[in-house]
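A.B. asks: Structure incoming, see below.
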Amino acid sequence: MTNDLRMMADKSGDPEGETGVITKTKPKTQRPPLYKVLLLNDDYTPMEFVVHVLERFFGMSHAHAFEIMLVVHKKGVAVVGVFSFEVAETKVAQVMDFARRHQHPLQCTMEKE
Ligand code: TYC
């Protein structure tokens, strides 16, 4: 009897507000942006120096470093690694400093992927 009276007073038939729209809350995982490190060709830096740079700063085997050096030599540019912003920035700075100290015009840059 008590319940019947409450149903009549509340036209919704849901006096406790127990029903409602289901909203999905999809958790958004944030991945950090990645940066490509690029090596540029030039006419003066010795091939052996570039191979050494790729071994030293990018952990490549001699054979892989030689392959990538030839890609840069023939095509003008190649991606030599993909890293977080901080790591990419450090690699670029290390390569540029090493080239400068050896008086080679080798250029290394980074760009957002
Ligand atoms: N082009 C250079 C040469 O003939 C070799 C070279 C390769 C220079 C790759 C830079 O990123 C480079 N000596």
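A.B. asks: Among residues belonging to region 91-113 that are among the polar types (S, T, N, Q) and not in a strand (DSSP E or B), point out the one that is nearest to D43 (Cα to Cα). Spell out the reasoning first.
C.D. replies: Within region 91-113, the first condition is being among the polar types (S, T, N, Q), and the residues that meet it are 94, 103, 107, 109.
Next cut, not in a strand (DSSP E or B) only: 94, 103.
Values: Q94: 21, Q103: 13 Å.
By that ranking, first place goes to Q103.
A.B. asks: If E86 meets every condition in (1) without any contact (Cβ under 8 Å) to a residue 40 or more places away in the chain; (2) within 9 Å of the ligand (Cβ to nearest atom) apart from one, which number is that one?
C.D. replies: It fails just one condition, (2).
A.B. asks: Considering region 32-47 alone, what residues qualify as being near the ligand (Cβ under 9 Å from one of its atoms) and surrounded by 11 or more Cβ atoms within 10 Å (Cβ to Cβ)?
C.D. replies: Filtering region 32-47 for residues near the ligand (Cβ under 9 Å from one of its atoms) gives 39-47.
L39, L40, N41, D42, T45, P46, M47 - these are the residues of region 32-47 that are near the ligand (Cβ under 9 Å from one of its atoms) and surrounded by 11 or more Cβ atoms within 10 Å (Cβ to Cβ).
A.B. asks: Would region 93-107 turn up any residue that is among the β-branched types (V, I, T) and free of Cβ contacts under 8 Å to residues at least 60 places away in the same chain?
C.D. replies: Yes: region 93-107 contains one or more residues that are among the β-branched types (V, I, T) and free of Cβ contacts under 8 Å to residues at least 60 places away in the same chain.
A.B. asks: If you go through region 50-69 one residue at a time, do you hit one that is farther than 23 Å from L34 by Cα, touching a residue at least 24 places away in the same chain (Cβ under 8 Å) and within 13 Å of the ligand (Cβ to nearest atom)?
C.D. replies: Here is the first cut: in region 50-69, the ones farther than 23 Å from L34 by Cα are 50-52, 61-63, 66-67.
Restricting the remaining residues to those that are touching a residue at least 24 places away in the same chain (Cβ under 8 Å) gives 50.
With the extra rule that they be within 13 Å of the ligand (Cβ to nearest atom), the set shrinks to 50.
Within region 50-69, one or more residues are farther than 23 Å from L34 by Cα, touching a residue at least 24 places away in the same chain (Cβ under 8 Å) and within 13 Å of the ligand (Cβ to nearest atom).
A.B. asks: Whether any residue in region 31-50 is over 22 Å from the mean Cα position of the chain (by Cα), at pLDDT below 95, in a loop (DSSP other than H, G, I, E, B) and among the charged types (D, E, K, R) is what I want to check.
C.D. replies: In the first step, residues of region 31-50 are kept if they are over 22 Å from the mean Cα position of the chain (by Cα); the result is 41-50.
Going one step further and asking which of them are at pLDDT below 95, we end up with none.
Looking through region 31-50, none of the residues is over 22 Å from the mean Cα position of the chain (by Cα), at pLDDT below 95, in a loop (DSSP other than H, G, I, E, B) and among the charged types (D, E, K, R).
A.B. asks: For the subset of region 13-30 comprising residues that are under 23 Å from the mean Cα position of the chain (by Cα) and at pLDDT 85 or above, which member is farthest from K74 (Cα to Cα)?
C.D. replies: K28
The values are calculated or read from the model by the stated rules, or taken from the named source; none is laboratory data. Only a predicted model underlies this, so the values are computations on that prediction, with no experimental measurement involved. Heads up, the Cβs are rebuilt from the backbone with ideal geometry, glycines too, and the neighbour counts pull from every protein chain shown.
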